[in-house]
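Structure record follows, encoded as structure tokens.
Where a number appears in this text, it was derived from the coordinates with a stated rule and is not lab data. Every value quoted in this text rests on a predicted model; they were computed, and no experiment measured them. FYI the Cβ positions are ideal-geometry reconstructions off the backbone, even for glycines, and counts take in every protein chain you see.
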Amino acid sequence: MKKTRIFALAAVLLLTACTPDAPYQANISFFSMDTYMEITAYGHVGTSLDDCKDEINRLEALLSVTSPDSDIGRLNASGMTDVSPETAEIIKYAQRIGGETNGALDITVYPVLKEWGFTTGDYKIPDGDTLNALLQKVDFTQIKADDSAIPAVTVPDGVQLDLGALAKGYASDKAAEILRENGITSALINLGGSIMTIGGNPSSGSPWRIGIRNPFSLDENIGVIEVADKAVVTSGSYERCFTADGKTYHHIIDPATGCPAESGLVSVTVIGGSGIMCDALSTAFFVMGAEKAAEFHREKGGFDMILVTVEGEILITEGIADTFTNLSKLPLTVL
Ligand code: ADP
Ligand code: MG
């Protein structure tokens, strides 16, 4: 009896494995760019998940601020270096968004971030004079990158770069590119909260349902957004933070003050076609606050967003009014 059952089970497994059109699911998880990453893809996956992992590790080796051998590590050490065209492109993109957000995104905020201890976990509150001195070195417009085949990048003495605000979004774009090139039409790429989706969810035949974390109760979702072929990237003050004298300090710095941004937001989620854009904008909007983010959305468009304010209000853009479900008791306003 037992033997028959085992045989029957084996036969079913064999049949499933041999059926050419079975919706095969494959998964890979690994640690890279200082975070846990997981990619799930459906269909004839082949080696494409390993290729994604290799690609993300390649990008980490190229962009990591903590690696002395990366393009960014070498630039920060010497103030001038040749970089790969890809690094130069990301720097220029960050400068463009820096300009469009009036400096809310500033990839030269690194010396300030270090002083607060956000890079090591050795947290401290810097004094005003130290911060003011460091702020003299925070200015993304000072980065010069030429257009040659092997671009030379220069920064003034003491200026240091960190692409942490947008590197994961860029990596999610590259992973999606690899999967698409391999014929994958359904996948979920989660790079430590920077999410990119390809197609929809094959098991339900509908869009992906992505949970947005409740900043006030971290093991719950504040809501769910349905997406297909879109990135969903969240920046939250709960991500990397410490508490001193009853006050919480987090890792998104307002380049105007050198202190953790206090714009009245606890989380910002940006939804759009490009991972690097969503990642860059989520960090910038966190610094800018709801009003300026809404103004940016009205003027530029091309994305949607979910903002959660410190007062416990959810603000969403009209484009996702039908696809966002509020799971919390917090009031929701459509901008
Ligand atoms: P996470 O990396 O937690 O997903 P973000 O995408 O919002 O979150 O990026 C925050 C990171 O960006 C910080 O850890 C720091 O390296 C860098 N950073 C902090 N403030 C700024 C800023 N105003 N402009 C550019 N980069 C920033
Ligand atoms: Mg970001």
What is the spin-label model distance, in nm, from residue 24 to residue 154 if the labels are put 7 Å beyond Cα along the C-beta direction? 5.4 nm
So which lysines can residue 144 reach, going by Cα to Cα under 17 Å and dropping same-chain residues fewer than 8 places off? 92
Considering only the chain, what is the antiparallel percent among its DSSP beta bridges, to the nearest 5? 95 percent
Specify the angular offset, from 0 to 90 degrees and rounded to the nearest 10, of the alpha carbon long axis of helix 48-63 from the longest principal axis of the alpha carbons in the chain. 10 degrees
Rounded to the nearest 10, the angle in degrees between the Cα long axis of helix 85-100 and the longest principal axis of the Cα atoms of the chain comes to 70 degrees
With the convex hull built on the Cα atoms of the range 199-335, state its orientation-averaged projected area in nm². 8.8 nm²
Beyond 34 Å, the calculated P(r) of the chain holds a percent of Cα-Cα pairs equal to 29 percent
What is the Å³ per residue value for the convex hull set by the Cα atoms of the range 227-288? 82 Å³
Would you list which lysines come within 22 Å of residue 247, measuring only between C-alpha atoms, while excluding same-chain residues fewer than 8 positions from it? 114, 124
Listed residue (225, 47, 123) projecting farthest to the positive dipole end of the chain, Cβ model: 47
Can you give me the pair-distance distribution of the range 144-274, C-alpha pairs, 10 Å bins, whole percents? 10, 31, 29, 20, 8, 0
Calculated FRET efficiency, residue 92 and residue 34, Cβ-Cβ r, R0 35 Å, to nearest 0.05? 0.90
Under the helix-only model (-39500 (n - 2.57) for each DSSP H run of 4 or more, divided by the residues of the chain), the mean residue ellipticity at 222 nm, to 500 deg cm²/dmol, is -10500 deg cm²/dmol
To test your reading of the geometry: what angle, between 0 and 90 degrees and rounded to tens, separates the Cα axis of helix 290-300 from the longest principal axis of the chain? 70 degrees
